[in-house]
There are 2 protein chains.
Amino acid sequence: MTSVLPTAPAMTAQERMLAAQTASRQIGLLDDDRKRRLLLAIADAIDADADAIVAANSADLDRGRVNGLAEGLQDRLRLDAARIGALSGAVREIADLPDPVGRTLDQRTLANGVALTKVTVPFGVVGTIYEARPNVTVDIAALALRSGNAVVLRGGTAAEQTNAALVAAMRAALAAQGVDPEAIQTVDEFGRAGAHALMNARGIVDVLVPRGSAELIETVVTQSTVPVIETGAGVVHIVLDESAPLEWAREIVVNAKVQRPSVCNSVETVLVHRGAAERLIPAVTAALQERGVTVHGDPAVAALADSIVPATEDDWSTEYLTLDVSMRVVDDLDGALEHIRRYSTHHTESIITEDDVSAERFLAEVDSAVVMANASTRFTDGGAFGFGAEVGISTQKLHARGPMGLSELTSSKWLVRGAGQVRP
Amino acid sequence: MTSVLPTAPAMTAQERMLAAQTASRQIGLLDDDRKRRLLLAIADAIDADADAIVAANSADLDRGRVNGLAEGLQDRLRLDAARIGALSGAVREIADLPDPVGRTLDQRTLANGVALTKVTVPFGVVGTIYEARPNVTVDIAALALRSGNAVVLRGGTAAEQTNAALVAAMRAALAAQGVDPEAIQTVDEFGRAGAHALMNARGIVDVLVPRGSAELIETVVTQSTVPVIETGAGVVHIVLDESAPLEWAREIVVNAKVQRPSVCNSVETVLVHRGAAERLIPAVTAALQERGVTVHGDPAVAALADSIVPATEDDWSTEYLTLDVSMRVVDDLDGALEHIRRYSTHHTESIITEDDVSAERFLAEVDSAVVMANASTRFTDGGAFGFGAEVGISTQKLHARGPMGLSELTSSKWLVRGAGQVRP
């Protein structure tokens, strides 16, 4: 077991963040191999501290039970030996990813000989506000360090002791590697004041990534003066076009709903072209119902299938995250596009069609991070996209859109090399 | 003179922005040639409406004189035939730039055959809040439309009638081209309420670019819930390293200060390595003073040159924008880096040196949008960088950093093309 280096208790939230900023300058200059070894040391430290981490987690869980924490949230919070092994394994995978820093994005030489190079650089300090999921603590710290950033964490209060044990293990690993441990900070002990300080740390924290419920994200987006990358909710649509092959329609809708209903890329609403309703709806709803899905349908759907729960207006904007799906018949592709404009959260939408014109129109006109033709919405994922890791899925348009990998935790700067040139 | 199409007076600020959002869908799908012709039509309309625009501008100027508008601001506000020609000329130059939309940023094929393409797309609706400079009205509208975006403008109250005339001319040109004129909106008539509506139009306006004083930018950054691109002030530094050649030092410092002192890329502070102070300071200060520059120096500078105004603590963080410069002797490169960390606005810094190690360390360690060795800071400019146009110079790290061209007014989306694949 590594020696646990506690965070200095006398520091204010502001002082902690300033210490992270100072440490970020060292981290930002580390080369690829140093950063890789740093992450491997963090993975080892988490494994070595497993007992202490499980003990801290038990204390959080005991408190959660007393405070009536919901069963599902208790499960997300729980760490055992196997889950700790998964945490350190994820850190080792991030260690092996290519360094996103120092890539050349643009290169030009002016007529006067001045050479311009635009290169990727770390942001500096990455902040994150999230809920009681200890895996986020380790994931985000590893992703931030791998991309040369310091990190300031603010996790859910229900995971406070677990997070403190994880942070202590990771900081000890940094110190043992000769790196300033202040590069990993938490403002958990400061409660709401810590979150408030983090959201207002303009000039210290360079970017803030909220992860969690729509409500948490909305709070951060509206209150933060630090630039935010919004990782949003997914009211995800699949459109079954007039020419949709039955087999693709059925398999893709079932996969997108059933494979992992609790995640943001699972489908919530299926829109069926009126010209295909009779052909597709009975078979698709039956396949869903066989897998335990409740179908909330409009009257046109109910007329074609059994056991349809009448859909209400609220259904169209609901991210169920459960074995529920809403289904509606639309007059045509325009009707589908209009429904999507109104209710989509701009995450992922897919059309199932054999008509190339419809497919390309859908790809061009739908204003979402990921727009698909003839594929399951479940592919919207950093892992599936081949990024090797995922910071989150951005539903905003600034800086990052869609699955975010390590590259999205970098900024850029212009390096200009001259030989005495002045501007005429 | 084209017929002037007034903005519908009965619409609220919110309704105007929603109309811009609807229009953005049409603009976003226009091809390169349509957008180019649209801008040429706008340039023609501005020329054709010159008399009406000058008349509106005279009314603004009369009101400005009555209200005691400062001479410098009156000059920025003033439009005459020549300046209107410059406005329309700028639009024609933007028309001829390459289309930033539809470029492929990334392309991958998954093992299962699903094809991923990341392409540039317009943001949708670009908002801007700026001061009483009518050229910004036309510039930003042209840049936004060229990149496939609708635009919502909120200019300074002192330019209200001028902006109304310019917007009317541009909207008439859109309508004549068969494009929804709601793609160019102003919320000027709503005063502060218009600015407030714009800053809170999350989900309607995709990005907000404030242009103007540090105070205006600070207000927008802290109050807006729409994502902001900060175009910031420049407390720009030049470091004269121990090995700096006298000629380069003198020519670059003079160019960076004197050529156009009122802009953000002009130098404000010169830091001189102690080992080069005696060799460089007398000649560099004399050259500056010959051109009318007041040098605010620390005691070490004053000991080596005549007519030095004692520098105060405030000088180090002042963006003069005038023929003033501050100058300080630092012990070494570390001392220069520390000063820059403390006082820089992260816009542009340059080192003058013959020592490659110093140059590369400076390029790596200075955390600014543009970092230079042996070149004038005046090169930080979209035009000088070869972008053909400039939206502003971003001093933030998210999305855009440094001079912003048309590309920085685009976002991206992932297009996914499959043949029925589902996630295993």
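The values are calculated or read from the model by the stated rules, or taken from the named source; none is laboratory data. Just so it is clear, the model here is predicted, and its values are computed rather than measured. Reconstructed Cβ throughout: ideal geometry from the backbone, glycine too, with neighbour counts over all protein chains shown. Keep in mind that these areas ignore ligands, DNA and RNA; they rest on the heavy atoms of the full protein, side chains included. Shrake-Rupley method; radii C 1.70, N 1.55, O 1.52, S 1.80 Å.
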Study note, to complete from the structure: If we ask which residues in the stretch B:72-93 are assigned to a helix (DSSP H, G or I), open to solvent by 60 Å² or more (accessible area, probe 1.4 Å) and not small (Gly, Ala, Ser), their number turns out to be 6
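From the list B:ALA173, B:ALA165, which residue is buried (at least 24 other Cβ atoms within 10 Å of the Cβ), touching a helix residue (DSSP H, G or I) at 6+ places or on another chain (Cβ under 6 Å), among the aliphatic types (A, V, I, L, M) and under 20 Å from B:ASP32 (Cβ atoms)? Quick ask: steps written out before the conclusion?
Numbers: B:ALA165 fails: under 20 Å from B:ASP32 (Cβ atoms).
Result: B:ALA173 is the single residue among B:ALA173, B:ALA165 that is buried (at least 24 other Cβ atoms within 10 Å of the Cβ), touching a helix residue (DSSP H, G or I) at 6+ places or on another chain (Cβ under 6 Å), among the aliphatic types (A, V, I, L, M) and under 20 Å from B:ASP32 (Cβ atoms).
Does A:LEU69 satisfy the condition of being in a helix (DSSP H, G or I) and open to solvent by less than 60 Å² (accessible area, probe 1.4 Å)?
Numbers: in a helix (DSSP H, G or I): no; open to solvent by less than 60 Å² (accessible area, probe 1.4 Å): yes.
Against the criterion (in a helix (DSSP H, G or I) and open to solvent by less than 60 Å² (accessible area, probe 1.4 Å)), A:LEU69 does not qualify.
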Review point. Can we say A:ASP356 is more than 7 Å from chain B (Cβ to nearest Cβ), of a type in the set (D, E, K, R) and without any contact (Cβ under 8 Å) to a residue 24 or more places away in the chain?
Key: yes
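Of the residues B:GLY232, B:GLY191, only one is free of Cβ contacts under 8 Å to residues at least 40 places away in the same chain, open to solvent by less than 40 Å² (accessible area, probe 1.4 Å) and within 20 Å of B:THR137 (Cα to Cα); which? So that I can check it myself, show each step before the final result.
Details: B:GLY232 fails: free of Cβ contacts under 8 Å to residues at least 40 places away in the same chain.
Of the residues listed, the single one that is free of Cβ contacts under 8 Å to residues at least 40 places away in the same chain, open to solvent by less than 40 Å² (accessible area, probe 1.4 Å) and within 20 Å of B:THR137 (Cα to Cα) is B:GLY191.
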Point to revise | Number of the exception - A:LYS413 against (1) touching a Gly at 6+ places or on another chain (Cβ under 6 Å); (2) among the charged types (D, E, K, R); (3) part of a strand (DSSP E or B) | key: (1)
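Which residues, counting only those in the stretch B:141-162, are open to solvent by less than 10 Å² (accessible area, probe 1.4 Å), of a type outside the set (Val, Ile, Thr) and within 17 Å of B:GLY127 (Cα to Cα)? Even if it seems obvious, please write down each step before you answer.
Step one: list which residues in the stretch B:141-162 are open to solvent by less than 10 Å² (accessible area, probe 1.4 Å), which gives B:141-153, B:155, B:159, B:162.
Next cut, of a type outside the set (Val, Ile, Thr) only: B:141-150, B:153, B:155, B:159.
Matches in the stretch B:141-162: B:ALA141, B:ALA142, B:LEU143, B:ALA144, B:LEU145, B:ARG146, B:SER147, B:GLY148, B:ASN149, B:ALA150, B:LEU153, B:GLY155.
Given the criteria more than 7 Å from chain A (Cβ to nearest Cβ) and modelled with pLDDT of 95 or more, does B:VAL366 qualify?
Spelling it out, B:VAL366 is indeed more than 7 Å from chain A (Cβ to nearest Cβ) and modelled with pLDDT of 95 or more.
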**Study point:** Leading residue by the ranking (modelled with the highest pLDDT) among those in the stretch A:204-218 that are open to solvent by 40 Å² or more (accessible area, probe 1.4 Å), assigned to a helix (DSSP H, G or I) and away from every other protein chain (no Cβ under 11 Å)
**Key:** A:GLU215
Practice item. Please identify the pairs in which a residue from the stretch A:370-388 that is at positive phi has its Cβ atom under 7 Å from the Cβ atom of a residue that is outside any strand (DSSP E or B) and among the aromatic types (Phe, Trp, Tyr), counting only partners at least 6 apart or on another chain. Key: A:ASN374/A:TRP248
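Could you please find all residues in the stretch A:117-153 being in contact with a Phe, Trp or Tyr (Cβ under 6 Å, 6 or more places away or on another chain) and either over 25 Å from A:GLY191 (Cβ atoms) or assigned to a loop (DSSP other than H, G, I, E, B) (or both)? Break it down stepwise before answering.
As a first pass, look at the stretch A:117-153 and keep what is in contact with a Phe, Trp or Tyr (Cβ under 6 Å, 6 or more places away or on another chain): A:118, A:136, A:149.
Listed by number, the residues that qualify are A:LYS118, A:ASN149.
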Practice item. For residues that are among the β-branched types (Val, Ile, Thr) and out of contact with any helix residue (DSSP H, G or I) (no Cβ under 7 Å at 6 or more places or on another chain), scanning just the stretch A:122-156, find the one that is farthest from the other protein chains (Cβ to nearest Cβ). Key: A:VAL136
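Would you confirm whether or not the stretch A:310-329 contains a residue that is within 13 Å of another protein chain (Cβ to nearest Cβ) and surrounded by fewer than 21 Cβ atoms within 10 Å (Cβ to Cβ)? Spell out how you get there, then give the answer.
We begin by selecting, within the stretch A:310-329, every residue within 13 Å of another protein chain (Cβ to nearest Cβ); these are A:317.
In the following step, the residues that additionally are surrounded by fewer than 21 Cβ atoms within 10 Å (Cβ to Cβ) were identified as A:317.
Looking for residues that are within 13 Å of another protein chain (Cβ to nearest Cβ) and surrounded by fewer than 21 Cβ atoms within 10 Å (Cβ to Cβ), one finds at least one in the stretch A:310-329, hence yes.
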Check your understanding: Looking at the stretch B:372-424, which of its residues are closer than 24 Å to B:GLU251 by Cα, more than 7 Å from chain A (Cβ to nearest Cβ) and over 13 Å from the mean Cα position of the chain (by Cα)?
Key -> B:THR377
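Residues being farther than 23 Å from B:GLN396 by Cβ and touching a strand residue (DSSP E or B) at 6+ places or on another chain (Cβ under 8 Å): count how many of those fall in the stretch B:262-282. If you could, list the steps in order and put the result at the bottom.
Keep residues of the stretch B:262-282 that are farther than 23 Å from B:GLN396 by Cβ, which gives B:270-282.
Next, only the ones that are touching a strand residue (DSSP E or B) at 6+ places or on another chain (Cβ under 8 Å) stay: B:270-274, B:276-277, B:280-281.
Result for the stretch B:262-282: 9.
Would you say B:ALA249 is within 13 Å of another protein chain (Cβ to nearest Cβ) and closer than 16 Å to B:VAL295 by Cα? Don't jump to the end; show me each part of the working.
Numbers: within 13 Å of another protein chain (Cβ to nearest Cβ): yes; closer than 16 Å to B:VAL295 by Cα: yes.
Yes.
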Check your understanding: Can A:VAL221 be described as open to solvent by less than 30 Å² (accessible area, probe 1.4 Å) and within 11 Å of chain B (Cβ to nearest Cβ)?
Key -> yes
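Does A:GLU242 satisfy the condition of being closer than 28 Å to A:GLU319 by Cβ, within 14 Å of another protein chain (Cβ to nearest Cβ), surrounded by fewer than 24 Cβ atoms within 10 Å (Cβ to Cβ) and among the acidic types (Asp, Glu)? Please lay out each step first, then the result.
Numbers: closer than 28 Å to A:GLU319 by Cβ: yes; within 14 Å of another protein chain (Cβ to nearest Cβ): no; surrounded by fewer than 24 Cβ atoms within 10 Å (Cβ to Cβ): yes; among the acidic types (Asp, Glu): yes.
Answer is no for this residue.
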